[in-house]
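Report on one structure; see the data block that follows.
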């Protein structure tokens, strides 16, 4: 816990790594709500963060998904959502691929490619999945697509270091 009793970003993944995680056949049916107590102040998914994005994530069929609708507080220029908001949502959907499986890790490197500007009020579907696993490094991919017409807003690839 950080000062004041609120979880810090470092505490987001303070869960034990299962030594047989790659051998698991049964996927855990966890959601961000079931783990909310350990990340209530997370900027992307924390339910108690008054300025956060409050995205709810779910794991299904090896993918993590979430939905986000930006508002006027997320503007970078005129009606365009700030790229850092899009990045934060994508980073967190990838992190939750691991987090919702009780795997402790943190972002080591992330490369994002913005394909189209996201406008205020435009709802996006977020998807993250594991691309590759190497010793203490997990490579994940993420996408943000509009819910209305499935247009790719941004995609990214990130390396996460296992603790």
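The values are calculated or read from the model by the stated rules, or taken from the named source; none is laboratory data. Here the structure is a predicted model, which means the values were calculated and not measured. FYI the Cβ positions are ideal-geometry reconstructions off the backbone, even for glycines, and counts take in every protein chain you see.
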For residue 93, indicate whether it is within 18 Å of residue 39 (Cβ to Cβ) and in contact with a strand residue (DSSP E or B) (Cβ under 7 Å, 6 or more places away or on another chain). yes
Within the stretch 129-150, considering residues that are over 19 Å from residue 70 (Cα atoms) and in contact with a helix residue (DSSP H, G or I) (Cβ under 7 Å, 6 or more places away or on another chain), the one surrounded by the most Cβ atoms within 10 Å (Cβ to Cβ): 140
Which listed residue is at pLDDT below 95, farther than 20 Å from residue 162 by Cβ and assigned to a strand (DSSP E or B), from 46, 76, 66: 76
Only one of these conditions is not met by residue 26: (1) within 30 Å of residue 116 (Cβ to Cβ); (2) modelled with pLDDT under 90. Which number is it? (1)
For residue 86, the lone unmet condition from (1) over 19 Å from residue 61 (Cα atoms); (2) in a helix (DSSP H, G or I); (3) touching a helix residue (DSSP H, G or I) at 6+ places or on another chain (Cβ under 8 Å) is (3)
Filter pass, residue 153 being surrounded by 14 or more Cβ atoms within 10 Å (Cβ to Cβ), in contact with a helix residue (DSSP H, G or I) (Cβ under 8 Å, 6 or more places away or on another chain) and at pLDDT below 95: no
Only residues that are closer than 15 Å to residue 88 by Cβ and under 17 Å from the mean Cα position of the chain (by Cα): list them for the stretch 112-139, please. 112, 114, 124, 126, 128
